[in-house]
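J.: Following this message is one structure expressed as structure tokens.
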Amino acid sequence: MDYEVLKLVWWVLIGVLLVGFAVTDGFDMGVGALLRIIGRTDTERRVMLNTIGPHWDGNQVWFITAGGAIFAAWPVVYAVAFSGFYWAMLLVLFAMFFRPVGFEYRAKVDDPRWRSLWDWGLTIGGAVPALVFGVAFGNLILGVPFSLDEFMRSTYTGSFWALLNPFGLVAGLVSLGMLMMHGGTWLQMRTDGALHERARRITVALAVLVAALFALAGVWIWMGIDGYVIMDIKSTAAAVTPLDKVVTTQEGAWLSNYGQHPWMMIAPLLGFAGLALTVLMSMMNRGVMAFVSSSLAITGIILTAGFSLFPFIMPSSLEPSHSLTVWDVVSSEMTLNIMFWVAMVFVPIVLSYTIWGYYKMWGRLTNQFIEDNKYSTY
Amino acid sequence: MISESMVDLSRLQFAMTALYHFLFVPLTLGLSFILAIMESAYVMTGKQVYQDMVKFWGKLFGINFALGVTTGLTMEFQFGTNWAYYSHYVGDIFGAPLAIEGLMAFFLESTFIGLFFFGWDRLTRIQHMIVTWLVALGSNLSALWILIANGWMQNPVGAEFNYNTMRMEMTSFVEVLFNPVAQVKFVHTVSAGYVTGAMFVLGISSYYLLKKRDLPFARRSFAIASSFGLAAILSVILLGDESGYEIGDVQKTKLAAIEAEWETHPAPAAFTLFGLPNEETMETDYAIRIPWVLGLIATRSTDEQVVGIKDLLVEHEERVRNGMGAYDLFTQLKAGDESPATMAAFDEVKDDLGYGLLLKKYTPDVIDATEDQIKSAARDTIPGVAPMFFTFRIMVAIGFTMFLLVALAFWHSARQTIDKQTWLQKALLWAIPLPFLACEMGWFVAEYGRQPWSIGEVLPTHLSTSTRSVEELWMSIAGFVLFYTALLVAEVYLMFKFARLGPSALHTGRYHFEKEASHSMTGGTTAGPKAQPLQARNEQA
């Protein structure tokens, strides 16, 4: 593979990791966010937590590995994005602190105040990261205020509050809504009785809401947000830095990829079709199919953001020519090559034992099960 | 833009969060193997008590593990949030082991930890045992990859500077993998983790022996931990990572600072057992020296010298001067003069570019540095001697203390005389904090000793940070302190609660508080000491 192809392959691989994160960790974050909404009693909440008990930790590794892979393959993005989005990143981390301890400690003390405290923690740990990831993506589409100097040191001039602009918030709600919906479909598969019914109803409501917000974001991008275009770049095949190109903003540029490559329309279509199917399957009480549909919807929505931005990853509103793109943020050819083979070997291994784990733990959990095993479960 | 306080605060935040993370990691490393050994004993003998041991120590493992995961999240992202320039400059090399750690180790550990806790009724005995071994393997593999990353910070092999992309780039992955510093660090660190796990189980088992509770359970736990611990502490001491201090300039400097070796002495050098290093006079006051020992430990020979600080300073000053030349050539290359002559000249001196960058702290243009500034930059290459000297000695003293305790524990456990050794039981109980303290000291020696470099001889720490305001840093530090303190309180509370409760926490009906409680209920005893276990049971687990 030559360097140019490797750069594209790594855009795909990071995408796979982000989708993998949203589809796996997404449902357990969704369950966390739904915990106080549809779990009415302590036992019901324990049922919810125990459906994800054996899996949340492995799922969370998708997030950590995506972070590590961005560091290894896109070091410039890792440096500029995480330092620029400092408070957003810390907010995600602080919120996620509640998860490992919340899961592990909640059931260990039989006191309603203690458990209620961790319920809040798990709700925050599920909802806040989901919201913030969407807000971050929304702001990538708007462009973020950073610049680079000749030594490649980045300076970010925006603030945390500036991220919470209307479009950013809409994107955040799409993300939060879709992960909660995803959690709802998971609970449809893994619970029964009243909890199962509530999960069905809330999944339908959330899927409709997400479809509306996703459409709104699309119209917003079409009508009101300027995209970025590379006018001139030193090379896409060689090693270049973000300083080696000229970029300008243009009306409707975020939609131009769909004109040039109509097959890319599959992403938004998949998003809407997945959402429609999620509604349908939930109404028909087909939990597994609802979960699959919801996974497809999430994949479609994330791909839509990726395709719209491509080849941009993090456009700069301050110095458009300093924008980060797939061509100029990558590691050296050697590192990309090595990491590609590492991924080719380990991702299938990880997937196979992950699937084995789900297979072994499969089945609906009931209130009775929790009552019978109250000392050994979450 | 880069102020001294900004760098100091970034370092403070990193040190705090890393030291805090490292409170939980060693116990995970050691206890996961102890659990796997216990479960193997269960599968081989079929004795219920071994399964109870896995489940009970597994509960304590889980309480600790949760905070390990929590604080590990910070570590994965903090290079980006607070060390952006570092991340850009060395991400090409440093990012790879981090990503591999995720793919190879974290997935393994985290997927199987779920099955470890929830899979008892879903898996066969053999399957569950394999799951436990895989958890142990995963946590140890993660130590391997993070230490390959850290070893590269100490001794950056297999990479070179590319002035076009303004960063270090990998030239040999194999060299990065088989970096001798990384290998030595890995063995030393995981062995320290095993000792931590062993001391933890020994200490808490001793508590049950002292209380005369659940004796068969406690004795068996004690026996496994003492034999595992003995092997581990021997490995820590014999394979101590001093041997890694001869490789690379940063490591040599570290060694000289640890030993307060101001002068280069004829081989083999004497070991300073104790003394008061004086940075002003460059002498160690009131030194007690043991001839030969340092030379033997550090060089594993009688004829190789240990280079002293004064000689290192001379070398480093020379390299700072070379570094100015390298920086001059680098600016010419950047400005477009890519003639073969300039490139060849730069290749000649680019290994000293890092030393030139040390001057950035004093003058942004580097090449106009004054004599004083050059002297200061060279002086910066020696980390504080007194902190290194003392933390190292605390670590080693704890190491030998633990060796003594574990050896005695093993002896009495093997001879089945442990029940009578109440003083040893007490000592082991009170010694639980020792391995944690030693691990923190070891971390300090390794990382403080690396200063002023974030990447040895390549990138100075003060250039590595993100551009951040001092106020922001204070706020994030406050956030971490707040969260981490609250989480620590919860962790310690649960750890004490369950350690005190012992295997009764499993509610199998086979252990102390449950038997006492059912006895007291059927016997109708209402007051006195018997009431207490009932209460403890009601607190539940």
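For every residue, the table says whether it meets (1) more than 26 Å from A:Ala253 (Cα to Cα); (2) among the hydrophobic types (A, V, I, L, M, F, W, C).
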site: A:Arg99; (1), (2): yes, no
site: A:Lys108; (1), (2): yes, no
site: A:Trp114; (1), (2): yes, yes
site: A:Gly138; (1), (2): no, no
site: A:Glu150; (1), (2): yes, no
site: A:Asn165; (1), (2): no, no
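J.: Within the stretch A:319-333, work out how many residues are part of a helix (DSSP H, G or I) and either among the basic types (Lys, Arg) or open to solvent by 70 Å² or more (accessible area, probe 1.4 Å) (or both). Break it down stepwise before answering.
T.: Start the filter on the stretch A:319-333 by keeping residues that are part of a helix (DSSP H, G or I), which leaves A:320-322, A:333.
This time we only want the ones that are either among the basic types (Lys, Arg) or open to solvent by 70 Å² or more (accessible area, probe 1.4 Å) (or both), so: A:333.
Residues in the stretch A:319-333 being part of a helix (DSSP H, G or I) and either among the basic types (Lys, Arg) or open to solvent by 70 Å² or more (accessible area, probe 1.4 Å) (or both): 1 in total.
J.: Would you please name the residue that is farthest from A:Thr325 (Cα to Cα), looking only at residues in the stretch A:144-191 that are small (Gly, Ala, Ser) and within 19 Å of the chain's Cα centre (by Cα)?
T.: Step one: of the stretch A:144-191, the residues small (Gly, Ala, Ser) are A:147, A:154, A:158-159, A:162, A:168, A:171-172, A:175, A:177, A:183-184.
So of that shortlist, the ones also within 19 Å of the chain's Cα centre (by Cα) come out as A:168, A:171-172, A:175, A:177, A:183-184.
Numbers: A:Gly168: 21, A:Ala171: 21, A:Gly172: 23, A:Ser175: 23, A:Gly177: 28, A:Gly183: 33, A:Gly184: 35 Å.
Looking at the filtered set, the residue picked out is A:Gly184.
Residues checked against (1) open to solvent by less than 80 Å² (accessible area, probe 1.4 Å); (2) within 32 Å of the chain's Cα centre (by Cα); (3) closer than 24 Å to B:Arg393 by Cβ:
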| residue | (1), (2), (3) |
| --- | --- |
| B:Trp292 | no, yes, yes |
| B:Ser301 | yes, yes, yes |
| B:Tyr327 | yes, no, no |
| B:Leu333 | yes, no, no |
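J.: What tally of residues in the stretch A:91-106 results from selecting those that are open to solvent by 10 Å² or more (accessible area, probe 1.4 Å) and either at the interface with chain B (Cβ under 7 Å from one of its Cβ atoms) or not in a helix (DSSP H, G or I) (or both)?
T.: Residues flagged as open to solvent by 10 Å² or more (accessible area, probe 1.4 Å) and either at the interface with chain B (Cβ under 7 Å from one of its Cβ atoms) or not in a helix (DSSP H, G or I) (or both) within the stretch A:91-106 amount to 2.
J.: Separate question: Just for the stretch A:34-65: of the residues that are open to solvent by less than 10 Å² (accessible area, probe 1.4 Å) and among the hydrophobic types (A, V, I, L, M, F, W, C), which one is nearest to B:Val90 (Cα to Cα)?
T.: Out of the qualifying residues, it is A:Val61.
J.: Could you give every pair whose Cβ atoms fall below 8 Å, whose first residue belongs to the stretch A:269-280 and is under 12 Å from A:Ser294 (Cβ atoms) and in a helix (DSSP H, G or I), and whose second residue is of a type in the set (Phe, Trp, Tyr) and modelled with pLDDT of 95 or more, counting only separations of at least 6 or pairs across chains?
T.: Every condition considered, the pairs that remain are A:Gly271/A:Phe214; A:Leu275/A:Phe214.
J.: Let me ask something else about it. Does any residue of the stretch B:233-252 turn out to be over 26 Å from the mean Cα position of the chain (by Cα), open to solvent by 10 Å² or more (accessible area, probe 1.4 Å) and of a type in the set (A, V, I, L, M, F, W, C)?
T.: Applying the first criterion (over 26 Å from the mean Cα position of the chain (by Cα)) to the stretch B:233-252 yields none.
There is no residue in the stretch B:233-252 that is over 26 Å from the mean Cα position of the chain (by Cα), open to solvent by 10 Å² or more (accessible area, probe 1.4 Å) and of a type in the set (A, V, I, L, M, F, W, C).
J.: For the stretch A:42-79, give me each residue that is of a type outside the set (Gly, Ala, Ser), at the interface with chain B (Cβ under 7 Å from one of its Cβ atoms), in a helix (DSSP H, G or I) and over 19 Å from the mean Cα position of the chain (by Cα).
T.: Of everything in the stretch A:42-79, those that are of a type outside the set (Gly, Ala, Ser), at the interface with chain B (Cβ under 7 Å from one of its Cβ atoms), in a helix (DSSP H, G or I) and over 19 Å from the mean Cα position of the chain (by Cα) turn out to be A:Pro75, A:Val76.
J.: Additional query: Does A:Ala88 satisfy the condition of being open to solvent by less than 10 Å² (accessible area, probe 1.4 Å), under 24 Å from B:Leu488 (Cβ atoms) and modelled with pLDDT of 95 or more? Spell out the reasoning first.
T.: Values: open to solvent by less than 10 Å² (accessible area, probe 1.4 Å): yes; under 24 Å from B:Leu488 (Cβ atoms): no; modelled with pLDDT of 95 or more: yes.
No.
J.: Just to verify a result, which residue in the stretch A:354-378, among those that are part of a helix (DSSP H, G or I) and under 20 Å from A:Asp119 (Cβ atoms), is nearest to the other protein chains (Cβ to nearest Cβ)? Give the derivation first.
T.: Step one: list which residues in the stretch A:354-378 are part of a helix (DSSP H, G or I), which gives A:354-361, A:367-372.
In the following step, the residues that additionally are under 20 Å from A:Asp119 (Cβ atoms) were identified as A:367, A:369-371.
Working: A:Asn367: 17, A:Phe369: 10, A:Ile370: 13, A:Glu371: 13 Å.
Taking the candidates together, the pick is A:Phe369.
J.: Would you tally the residues in the stretch B:58-67 being open to solvent by less than 10 Å² (accessible area, probe 1.4 Å), more than 7 Å from chain A (Cβ to nearest Cβ) and hydrophobic (A, V, I, L, M, F, W, C)? Steps first, please.
T.: Taking the stretch B:58-67 first, the residues open to solvent by less than 10 Å² (accessible area, probe 1.4 Å) are B:58, B:60-64, B:66-67.
If we keep only those that are more than 7 Å from chain A (Cβ to nearest Cβ) too, we end up with B:58, B:60-61, B:64.
Pick out the ones that are also hydrophobic (A, V, I, L, M, F, W, C) and you get B:60-61.
Here the count works out to 2.
J.: Can you tell which of B:Leu103, B:Leu115, B:Leu73, B:Leu98 is open to solvent by less than 10 Å² (accessible area, probe 1.4 Å), in contact with a Phe, Trp or Tyr (Cβ under 6 Å, 6 or more places away or on another chain) and of a type in the set (A, V, I, L, M, F, W, C)?
T.: Details: B:Leu103 fails: open to solvent by less than 10 Å² (accessible area, probe 1.4 Å); B:Leu115 fails: in contact with a Phe, Trp or Tyr (Cβ under 6 Å, 6 or more places away or on another chain); B:Leu73 fails: in contact with a Phe, Trp or Tyr (Cβ under 6 Å, 6 or more places away or on another chain).
Exactly one of B:Leu103, B:Leu115, B:Leu73, B:Leu98 is open to solvent by less than 10 Å² (accessible area, probe 1.4 Å), in contact with a Phe, Trp or Tyr (Cβ under 6 Å, 6 or more places away or on another chain) and of a type in the set (A, V, I, L, M, F, W, C), namely B:Leu98.
J.: Please enumerate the residues belonging to the stretch B:303-318 that are closer than 19 Å to B:Thr284 by Cα and more than 29 Å from the chain's Cα centre (by Cα).
T.: B:Lys310, B:Asp311 - these are the residues of the stretch B:303-318 that are closer than 19 Å to B:Thr284 by Cα and more than 29 Å from the chain's Cα centre (by Cα).
The values are calculated or read from the model by the stated rules, or taken from the named source; none is laboratory data. Computed from a predicted model, the values in this text were never measured in an experiment. Here Cβ is always computed from backbone atoms with ideal geometry, including for glycine, and neighbour counts include all displayed protein chains. Side chains included, ligands, DNA and RNA excluded: accessible areas come from the protein's heavy atoms. Shrake-Rupley method; radii C 1.70, N 1.55, O 1.52, S 1.80 Å.
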